[in-house]
1. Of the residues Arg209, Arg281, Arg299, Arg295, which is in contact with a Gly (Cβ under 8 Å, 6 or more places away or on another chain), charged (D, E, K, R) and modelled with pLDDT of 95 or more?
2. Return yes when Gly79 is at pLDDT 95 or above, at positive phi and within 18 Å of the chain's Cα centre (by Cα) and no when it is not.
3. Between a first residue in segment 103-121 that is in contact (Cβ under 8 Å) with a residue 12 or more places away in the chain and a second residue that is surrounded by 15 or more Cβ atoms within 10 Å (Cβ to Cβ) and among the basic types (Lys, Arg), which pairs have beta carbons less than 9 Å apart while being 6 or more apart in sequence or on different chains?
4. Which members of segment 132-185 meet the condition of being under 30 Å from Pro114 (Cβ atoms), of a type in the set (D, E, K, R) and assigned to a loop (DSSP other than H, G, I, E, B)?
5. Would you mention how many residues in segment 110-138 are buried (at least 21 other Cβ atoms within 10 Å of the Cβ) and out of contact with any helix residue (DSSP H, G or I) (no Cβ under 7 Å at 6 or more places or on another chain)?
6. From the residues in segment 36-57 that are modelled with pLDDT of 70 or more and open to solvent by less than 70 Å² (accessible area, probe 1.4 Å), which one is farthest from Gly298 (Cα to Cα)?
7. I'd like the full set of residues that are buried (at least 24 other Cβ atoms within 10 Å of the Cβ), part of a loop (DSSP other than H, G, I, E, B) and touching a helix residue (DSSP H, G or I) at 6+ places or on another chain (Cβ under 8 Å), limited to segment 73-92.
8. Taking into account only those residues within segment 99-109 that are closer than 19 Å to Val143 by Cα and of a type outside the set (Ser, Thr, Tyr), which is least open to solvent (accessible area, probe 1.4 Å)?
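The values are calculated or read from the model by the stated rules, or taken from the named source; none is laboratory data. It should be emphasised that the depicted structure is a prediction, and the values quoted were computed from it without experimental measurement. Note: ideal-geometry Cβ built from the backbone for every residue, glycine included; neighbour counts use all protein chains shown. Calculation scope for accessible area: heavy atoms of the full protein, side chains included, ligands and nucleic acids excluded. Shrake-Rupley method; radii C 1.70, N 1.55, O 1.52, S 1.80 Å.
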Amino acid sequence: MAHGEHGHGHRHDAHGHGHTHAHGHGHGLANGEDEELSFAAPRPGDQKRIELVWPFVREQLAGLGPGSVLEIGCGVLGGFVPLLRAEGHRAVGVDPEAPEGPGFVRSRYEDYKPDADELPYDAVVACLSLHHVEDLDALLASVAAQVRPGGLLVLREWAREEFDEATACWCFDRLPEEALGADENADENAEGDADENAEGDADEDPAARTPAWWLAGHRQGWQESGGSWDDYFQGWAEGHGLLSGAAMLDALERSAFETVLLERDPYFHTALVDVTADEERAAVDAGVIRANGLRYVGRRRSG
């Protein structure tokens, strides 16, 4: 469901921008994803995700002044890059499906060779891209080598292990009717990942390529599995090679970045009927559901 409330970098989030593949906005870090997870056109929700996550990104970079910023997994819409450039930053977005034009490079981050005059970066940004990475330690080491001491790493991610049965059922009870009506295709729908903006093939009904579609797919997939939610969903996530939030945080702890901010935040509200971020947060605070979103800021250590 992908960028603004899942990815950039990938495309299966129920939320936001981009991921590095089928999520949203971000791509660029591929983990051998299924072919159906790769899209060459914006998915419903991509722009909304960008708009939702942008205030967080902007706030974290406010102290930099105009700086050099890299976005990993900017997606087909360009992620935050146009907004960053409008603020005076020298921003570059890297993604296999990045737009053509100045400020964008069509490449996986792992294969990207920045020009010497771009380095070091003052900040690196990624939205819903890292949970698809095979070797996150290696990627973070590469990022650290390209960021100046004191520079920032700003992330928005999905803690997929927090998507427990109570949270899933809470979401399923709030799905739009059109998503529930598409349940006959749910087994295929669930092949994407939880990019806040999951979608399906480009020739499908656009109404079936929304974050709600991804949730409906897992609703039916679970029903057909005949097993527990945890066995079904975590088995699906592991089968797709998706990193857990805990695994990402462990890698960040081992990295050259010192944690400045770590928050859990609402993740699914954009896919649900008449549910706001505040209402989802209230359900989290009441212990009814778990927060699935992660917001992280790290500062590059010196030395």
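1. Details: Arg209 fails: modelled with pLDDT of 95 or more; Arg281 fails: in contact with a Gly (Cβ under 8 Å, 6 or more places away or on another chain); Arg295 fails: in contact with a Gly (Cβ under 8 Å, 6 or more places away or on another chain).
Checking each option against the conditions leaves just Arg299.
2. Yes; evaluated as a whole, the condition is true for this residue.
3. From residues that are in contact (Cβ under 8 Å) with a residue 12 or more places away in the chain, the pairs are Gly103/Arg85; Gly103/Arg90; Glu118/Arg90; Leu119/Arg148; Pro120/Arg148; Pro120/Arg300; Tyr121/Arg148.
4. Across segment 132-185, the qualifying residues are Glu134, Asp135.
5. Of the residues in segment 110-138, 4 are buried (at least 21 other Cβ atoms within 10 Å of the Cβ) and out of contact with any helix residue (DSSP H, G or I) (no Cβ under 7 Å at 6 or more places or on another chain).
6. Restricting to residues being modelled with pLDDT of 70 or more and open to solvent by less than 70 Å² (accessible area, probe 1.4 Å), the top hit is Asp46.
7. Selection gives Gly73, Cys74, Gly75, Leu77, Gly79, Phe80.
8. Once the filter is applied, the top-ranked residue is Gly103.
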